[in-house]
Amino acid sequence: DQRGRTLEHLEDVLSQIPNVNISGGSSRARYYQIRGIGERGQQEEPLNSSVALLIDGVDLSGIGTAALLHDVSQVEVLRGPQGTLYGANALAGLIQVRTNDPTTTFEGGLTLDAGNYDARGLGVTVSGPLTGTLGGRLAVRQYRDDGFYRNTYLDRTDTNKRDELSVRGKLAWSPLETLDLGLSLGYVDVDNGYDAFSLDNDRRTRSDEPGRDAQESRFVGLTADWAYGDVLVAQAAFGYVASDIDYGYDEDWTYVGFHPWGYSSTDRYRRDRETTTVDLRLLSGDGGRLFGGTTDWVAGVYTLQQTVDFKRDYTFFADQFTSDFEISRLALYGELSRGVGERGRLTLGLRGERHQSEYTDSQEASFSPTDDLWGGRLVFEWDLAEHTMAYVSATRGYKAGGFNPSNSLDVELRQFDPESLWNYELGLKGRWFEQRLVGRFSLFSMQREDVQIGTSIIRLRQDGSSEFIQLISNAAQGTNNGIELEVTFAVTPNLELFGNLGLLDTRFKNFVNSAGEDLDGEEQAHAPGYQFFVGANYRFGQGFYLGLEIEGKDSFYYSDSRRFADNAEDLSSRPYELINASAGFARDRWDVRVWARNLTDADYTTRGFYFPNDPRDGYTERGWFQLGDPRRYGMTVKLRL
C-alpha cells in the first residue's frame with residue numbers, strides 16, 4: 001500500500017493485474033472481465049457471473065460494490081476456469097479477497113485519510129487473543145468524498161458522491177490441536193450517488209433527479225478444518241449474504257424543459273438478494289494417498305441457493321415491473337495429483353453440476369430451465385530447477401444459460417443457452433538471482449462455444465426519445481488468445497522494480513448480433529489489446545520512501561453492438577496512460593504518506609453507450625461516456641498501536 005494510489009475498493013487494485021478489466025455504469029466498477037470474458041452491467045435480474053468474487057469465502061459475485069479493501073491481507077486473481085479446487089466455478093476466473101486474520105498478540109491500528117474532492121476516511125482495527133485458544137479481530141472503516149462531477153442545474157458537487165461504511169469481525173478458535181474453526185461477520189453500507197453522464201461528455205451534468213447507487217450487505221462465513229491423523233483433512237465452509245440494492249438514474253440526464261417535447265424520465269432498480277453456499281471437501285494427508293502413497297486426492301460437494309426479488313420503477317411503465325428469481329446449484333468435484341519422475345506432477349480434476357433456475361414476473365413470463373454442466377482440468381507441472389516450474393494445462397469451464405426478463409423484448413429473445421470454453425495454457429513461474437527476481441509468464445488460448453453476448457436494441461418512442469434495451473444472446477464461437485507477464489525485481493535492498501504486461505486478441509466467429517450486424521472476426525467488448533503496469537519503490541534511510549508507477553490500457557469496444565458511426569471513437573475508448581506517485585515516512589508505529597493518482601489529469605473512459613439522446617442535434621446517434629477518476633491527491637496517516 002506504499003504505491004501511489006488510494007486503495008478503497010477492489011477497482012483500485014485490478015488495474016495492476018494483466019488482462020483484467022473493469023466495468024462501471026455505476027458509482028463503483030462492480031463487474032469484472034478476465035481475459036476478455038465477463039459481464040459489463042446489469043439491468044433486470046437474473047445474472048450468472050462469468051467472474052466469481054469471494055470475500056473470506058462468501059460469494060458476492062455480481063454485487064462487487066461490497067468489495068471494500070480496509071484491513072485486507074490479499075487479493076488473488078485466478079485466471080481461467082476454476083472449480084475442481086474451489087467450490088465456486090467460474091467461466092473466466094475467480095477473484096478472492098482475504099481479510100486479515102486474528103493475531104496471537106494484541107495489536108491495533110488507526111488510519112486517517114484526507115484528499116481533494118473533500119475526500120476523508122477513518123479506519124480502526126483491533127486484534128488479539130480473547131482466551132488461550134480463541135482470537136478475535138474487528139475492523140471498521142468509513143470513507144466519503146464528493147465525487148468528481150458538478151451538477152450545474154442543481155449547483156451541487158456531490159451528486160456523484162461516495163459514502164461507504166464497512167464493518168468486519170473475525171473469530172479464530174482452535175479447541176483441539178487437530179481442529180480449527182473460523183467465523184467471519186461483515187456489514188457493508190454503501191450510499192453512493194450516481195450522476196455520471198453528461199450530454200457534453202464532460203464532468204458537468206444537468207440532472208434534475210440525480211440517481212443513487214446504494215448497497216447494504218450483511219454476510220457471515222463459517223469454516224472448519226479437522227485433521228484425522230495424517231490420513232485426511234476434512235474442510236467445511238458455509239457462506240450467507242443478504243443484500244438490499246438500490247440503483248437508479250436520471251435517464252434523460254437533464255431537467256424538465258430541456259427537451260422540446262417535455263421528455264423527462266427516471267429508471268430505478270431495487271433488489272433483495274440472498275445467497276447461501278455450502279462447500280464440503282476431503283483432502284488426503286501424507287498417510288492417505290492412493291495407489292501406494294503416490295497420489296494426492298480431493299473430493300467435494302458444493303451447493304448454492306440464491307433468491308432475488310426485483311422491482312423496477314420506470315417512467316414509461318404503467319405499473320411497477322417485478323420479478324422473482326431463484327437458483328439452485330449442486331456440484332460434485334474431485335481431483336487426483338501424482339508425481340511423475342523426480343520432478344514432474346500430473347493433475348486431473350473433474351466437476352459436474354446440476355443448475356436449476358426459476359423465474360416469474362409481473363408480465364406473466366415464466367421460465368424454469370435446468371442445465372447439466374461439466375468442467376475439469378488436466379495439468380502437467382515440471383520443476384526445471386529448485387525455484388523454477390513450468391506447466392502446461394487444458395481446462396474446461398462453463399456458465400449456465402438464462403433469460404432476459406424484460407417486458408420490452410419479444411418472447412423469442414428472452415432465453416439464451418449455456419456457454420462453455422476450453423482454456424489451453426503454457427506457463428513458467430520462478431524465483432531467480434537469489435530469489436530477488438520473481439516472475440510469472442503464461443501463454444493461453446481460449447476456445448469459446450455458444451458465447452453469451454450482451455447487446456442492445458434501440459426503439460424510438462413517439463416523442464422522439466429512445467428506449468435503450470439491453471439483452472443477452474448467444475454467438476456461435478469466440479477465441480481469446482493472449483500473453484501475461486508479471487515481474488518483481490529487488491535490485492538492491494532499497495530499490496524494487498515491478499512490471500506487469502498483458503496482451504490480448506479476441507474475436508467472434510460466425511456471429512450476427514440482435515441488431516443484424518455481422519461481427520464475424522470482430523473484437524469482443526471490454527477486451528483491450530494490451531495492459532501494462534510498471535513502477536518502482538525506493539526506500540531512503542531513516543524510514544523515508546518514494547514510489548512511482550505508470551499504468552496503461554489499449555482502446556476497447558464498449559459493447560458488442562457496433563452500429564456504424566462517422567466517428568469510430570464513439571464506439572470505443574481511447575488508449576491511455578496514468579501516472580501515480582507517493583512519498584512517505586514509515587518508522588516505529590507511524591506511517592505518513594502523501595499520494596497522487598493520475599498526475600497529469602488525463603481524461604479516460606470506463607464505460608460507453610451509443611444511442612440518440614440530445615435534442616440539440618436532432619437526436620442523432622452518438623457516443624456517451626463515463627469518465628474515470630481525474631487527478632486525485634491526498635495524505636494517509638497510519639498509527640500502529
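Of D208, D319, D244, which has the most accessible area and how do the rest follow, probe 1.4 Å? Display every interim value, and only then the final one.
Numbers: D208 35, D319 120, D244 60 Å².
I get D319, D244, D208, largest accessible area first.
So how much slack lies between A602 and V340, counting 0.36 nm per residue of separation and subtracting their Cα-Cα distance, in nm? Working shown, then result.
Details: separation 262, 0.36 × 262 = 94.32 nm, distance 5.24 nm.
The A602-V340 span can extend by a further 89.1 nm.
In the stretch 343-385, which GluC sites (Glu not before Pro) fall in coil by DSSP and have 11 or fewer other Cβ atoms within 10 Å?
Details: sites: E353, E358, E364, E381; in loops: E364.
Taking the stretch 343-385 and a limit of 11 other Cβ atoms within 10 Å, the loop GluC sites (Glu not before Pro) found are E364.
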Mean-position separation - Cα centroids, the stretch 92-164 and the stretch 551-628, in angstrom: 25 Å
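Please work out how much length the chain gains when fully extended from W374 to L495, using 0.36 nm per residue of separation minus the C-alpha to C-alpha distance, in nm with one decimal. Show your work: numbers first, answer last.
On the way: separation 121, 0.36 × 121 = 43.56 nm, distance 4.71 nm.
Answer, rounded to one decimal: 38.9 nm.
Which FRET efficiency, nearest 0.05, do R204 and A242 yield, Cβ-Cβ r, R0 51 Å?
0.85
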Say each of F540 and T388 gets a label point 7 Å from the Cα, pointing the same way as Cα to Cβ; how far apart are those two points in nm? 3.9 nm
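Using the structure shown, select from K161/K399; K161/K638; K161/K311; K553/K638 the pairs with a Cα to Cα distance greater than 27 angstrom. All intermediate terms of the calculation are to be shown ahead of the outcome.
On the way: K161/K399 35 Å; K161/K638 25 Å; K161/K311 24 Å; K553/K638 32 Å.
Exceeds cut-off: K161/K399; K553/K638.
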How long is the gain from R440 to V301 if the chain were fully straight, where each residue apart is worth 0.36 nm and the alpha carbon distance is subtracted? 46.9 nm
What FRET efficiency do you get for I483 and Q235 if R0 is 25 Å and r is their Cβ-Cβ distance, rounded to the nearest 0.05? 0.10
For the stretch 60-209, build the convex hull from the C-alpha positions and give me its volume per residue in Å³. 145 Å³
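What dipole magnitude, in Debye to the nearest 20, does the chain give about its Cα centre under +1 on Lys/Arg Cβ and -1 on Asp/Glu Cβ?
Values: 66 positive and 96 negative charges, 387 e Å.
Charge dipole, the chain, about its Cα centre: 1860 debye, nearest 20.
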Ignoring ligands and nucleic acids, L548 exposes an accessible area, probe 1.4 Å, in Å² to the nearest 10, of 90 Å²
Using a 1.4 angstrom probe on the protein heavy atoms only, could you order S15, S198 from most to least accessible area? S15, S198
Using only Cα positions of the stretch 187-333, each an equal point scatterer, no hydration layer, compute I(q)/I(0) via Debye at q = 0.08, 0.20 Å⁻¹ and quote the log10 values to two decimals. -0.45, -1.17
Kirkwood Rh, the stretch 337-446, all Cα pairs: how many Å? 17.5 Å
With 10 Å bins from 0: P(r) over the chain, alpha-carbon pairs, percent: 3, 14, 25, 28, 19, 8, 2, 0, 0
Heavy atoms only, probe 1.4 angstrom, no DNA, RNA or ligands counted: give me F556, F625 ranked by accessible area, highest first. F625, F556
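The values are calculated or read from the model by the stated rules, or taken from the named source; none is laboratory data. This one's a predicted model, so the numbers in the text were calculated from it and none came from an experiment. Note: ideal-geometry Cβ built from the backbone for every residue, glycine included; neighbour counts use all protein chains shown. Surface accessibility is based on the protein's heavy atoms, side chains included, excluding ligands, DNA and RNA. Shrake-Rupley method; radii C 1.70, N 1.55, O 1.52, S 1.80 Å.
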